[in-house]
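Participant: What follows is a structure written as structure tokens; I'll ask about it next.
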Amino acid sequence: MKSLKHKYHIIGEGWDEIEEIRNVPKKIKILKFVVEQGIVSVDDVKRKFDIPDKSDVARKTMSELKISHVKYGSIKNGVWYVDRQELLNRLQSYYMKMPDFQPRKIRLHEVPHALQMNHIRLMLEKSKEANVVAWQSEAYIRALPPYQRNGFGVKKMPDAIFFRGSNDGGAAKKYFLEYERTLKNKERYTDIWGHYMKRIDVTRKSVLYICENALCKARLLQMMQSIQEREEKKGGEFRSEIFRFETIDEFNQAFQKKGREVSYADDAL
């Protein structure tokens, strides 16, 4: 069977292909999802693996695997994370190309961002229109050796990279995802946006910023306009066409209309 990576000409190392060769147990796939995302809820796992809402299979499986969890707000069954090397070793016995993930500690201030990223990933992956064929989380990218990170360093790391398959079987299109709950300063964005504008694998609207609210989006756009004007006065070029900004509500509305998925076509991304 031709792997998705080769079918869509996805560039970069992958660690999913073995699933097509070996029958990986679902509990190991669940473990892989937790490791990739860093922090998950039971509901995230249910959505990822299409487990019925009333089923307790997801929670029982993670408990049997001895994945750590802590209470968090009103989230049923708390949030789950992998902090034991034994679990990573077990995962690697199935995925030989697995990056060098490390056991993680839970930092409660990171939970809202992590859970929203899970939501964004699952909305995209479950959309037939989006046709996401590969996903690389921030944790995945960080776990790669520096020479495989494709120019990303510790201070310039997207929240995710994902690939959308083409209908004609051609190369998959690469997207860079940034989820902004809080704003950085202008010089930080100058640095980050400058990095994206220099990349040869960035194309029109391929850097997607999802903002926590309308104020965050408005302030980001204002900063971008200010930075663009400053750069153009100096005779520089500013590739504003590579960026797309939307709020999390706008993102959700692109998929939900009277309970049904709506189109999220290429011209919308």
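The values are calculated or read from the model by the stated rules, or taken from the named source; none is laboratory data. No experiment lies behind these values; they were computed from the predicted model shown. As a convention, Cβ positions derive from the backbone with ideal geometry for all residues, glycine included, and neighbour counts pool all protein chains shown.
Participant: Inspect all residues belonging to the range 229-248 and state whether any of them is more than 23 Å from G151 (Cα to Cα), of a type in the set (G, A, S), surrounded by fewer than 18 Cβ atoms within 10 Å (Cβ to Cβ) and at pLDDT 95 or above.
Facilitator: No - not one qualifying residue is present in the range 229-248.
Participant: Restricted to the range 142-175, and to residues that are of a type in the set (S, T, N, Q) and touching a residue at least 40 places away in the same chain (Cβ under 8 Å), which residue is nearest to K205 (Cα to Cα)? Let's see the steps before the verdict.
Facilitator: First, the residues of the range 142-175 that are of a type in the set (S, T, N, Q): 148, 150, 166-167.
Now narrow it down to the ones that are touching a residue at least 40 places away in the same chain (Cβ under 8 Å): 148, 150, 166.
Numbers: Q148: 24, N150: 19, S166: 16 Å.
For the range 142-175, the residue satisfying everything is S166.
Participant: Which numbered condition trips up A134, out of (1) of a type outside the set (K, R); (2) under 16 Å from the mean Cα position of the chain (by Cα); (3) assigned to a loop (DSSP other than H, G, I, E, B); (4) modelled with pLDDT under 95?
Facilitator: Unmet for A134, out of (1) of a type outside the set (K, R); (2) under 16 Å from the mean Cα position of the chain (by Cα); (3) assigned to a loop (DSSP other than H, G, I, E, B); (4) modelled with pLDDT under 95: (3).
Participant: Still on this structure: So the check is Cβ under 9 Å with 6+ separation or different chains; which pairs have a first residue in the range 213-225 that's within 13 Å of Y179 (Cα to Cα) and a second one that's surrounded by fewer than 18 Cβ atoms within 10 Å (Cβ to Cβ) and among the polar types (S, T, N, Q)?
Facilitator: Pairs found: C216/T182.
Participant: Additional query: Residues in the range 178-187: is at least one under 23 Å from S127 (Cα atoms), free of Cβ contacts under 8 Å to residues at least 60 places away in the same chain, surrounded by 13 or more Cβ atoms within 10 Å (Cβ to Cβ) and not small (G, A, S)?
Facilitator: Of all residues in the range 178-187, those under 23 Å from S127 (Cα atoms) come to 178-180.
From what's left, free of Cβ contacts under 8 Å to residues at least 60 places away in the same chain: 178, 180.
Okay, now just the ones that are also surrounded by 13 or more Cβ atoms within 10 Å (Cβ to Cβ), so 178, 180.
Now narrow it down to the ones that are not small (G, A, S): 178, 180.
There is at least one residue in the range 178-187 that is under 23 Å from S127 (Cα atoms), free of Cβ contacts under 8 Å to residues at least 60 places away in the same chain, surrounded by 13 or more Cβ atoms within 10 Å (Cβ to Cβ) and not small (G, A, S).
Participant: Only one residue in L115, L108 is modelled with pLDDT of 90 or more, over 25 Å from M197 (Cα atoms) and surrounded by fewer than 16 Cβ atoms within 10 Å (Cβ to Cβ), so which one is that?
Facilitator: Values: L115 fails: surrounded by fewer than 16 Cβ atoms within 10 Å (Cβ to Cβ).
Going through L115, L108 in turn, the sole match is L108.
Participant: Can you tell me which residue is modelled with the lowest pLDDT among those in the range 150-168 that are closer than 18 Å to G38 by Cα and assigned to a loop (DSSP other than H, G, I, E, B)?
Facilitator: Looking at the filtered set, the residue picked out is V154.
Participant: Give me the residue from the range 44-66 that is touching a residue at least 24 places away in the same chain (Cβ under 8 Å), more than 23 Å from the chain's Cα centre (by Cα) and surrounded by 12 or more Cβ atoms within 10 Å (Cβ to Cβ) and, out of that set, farthest from F101 (Cα to Cα).
Facilitator: T61
Participant: Hey, another quick one. In the range 116-131, what count of residues is obtained for those that are outside any helix (DSSP H, G or I) and under 27 Å from V70 (Cα atoms)? Explain how you work it out, then say what you get.
Facilitator: Step one: filter the range 116-131 for residues outside any helix (DSSP H, G or I), giving 126-131.
If we keep only those that are under 27 Å from V70 (Cα atoms) as well, we get none.
Final tally of qualifying residues: 0.
Participant: Further question on the same structure: Just the residues that are among the small types (G, A, S) and in contact with a strand residue (DSSP E or B) (Cβ under 9 Å, 6 or more places away or on another chain), please, taken from the range 172-200.
Facilitator: Across the range 172-200, the qualifying residue is only A172.
Participant: Looking at (1) surrounded by 18 or more Cβ atoms within 10 Å (Cβ to Cβ); (2) farther than 20 Å from K29 by Cβ; (3) of a type in the set (S, T, Y), can you tell me which one T190 breaks?
Facilitator: (1)
Participant: Among the residues in the range 79-87, are any within 21 Å of P145 (Cα to Cα) and in contact (Cβ under 8 Å) with a residue 24 or more places away in the chain?
Facilitator: Scanning the range 79-87 turns up at least one residue that is within 21 Å of P145 (Cα to Cα) and in contact (Cβ under 8 Å) with a residue 24 or more places away in the chain.
Participant: Could you say which residue among H69, H113 is in a helix (DSSP H, G or I), in contact (Cβ under 8 Å) with a residue 12 or more places away in the chain and not hydroxyl-bearing (S, T, Y)? Steps first, answer last, please.
Facilitator: Working: H69 fails: in a helix (DSSP H, G or I).
Residue meeting the stated conditions: H113.
Participant: Further question on the same structure: When the range 169-211 is examined, which residues are found to be basic (K, R) and not in a helix (DSSP H, G or I)?
Facilitator: K173, K174, R181, K184, R199, R204, K205
Participant: Kindly check whether there is at least one residue in the range 2-24 that is more than 20 Å from F163 (Cβ to Cβ), touching a helix residue (DSSP H, G or I) at 6+ places or on another chain (Cβ under 8 Å) and either in a loop (DSSP other than H, G, I, E, B) or modelled with pLDDT under 95 (or both).
Facilitator: There is at least one residue in the range 2-24 that is more than 20 Å from F163 (Cβ to Cβ), touching a helix residue (DSSP H, G or I) at 6+ places or on another chain (Cβ under 8 Å) and either in a loop (DSSP other than H, G, I, E, B) or modelled with pLDDT under 95 (or both).
Participant: Here is a follow-up. Whether any residue in the range 126-135 is within 23 Å of I75 (Cα to Cα), surrounded by fewer than 18 Cβ atoms within 10 Å (Cβ to Cβ) and either touching a residue at least 12 places away in the same chain (Cβ under 8 Å) or among the small types (G, A, S) (or both) is what I want to check.
Facilitator: yes
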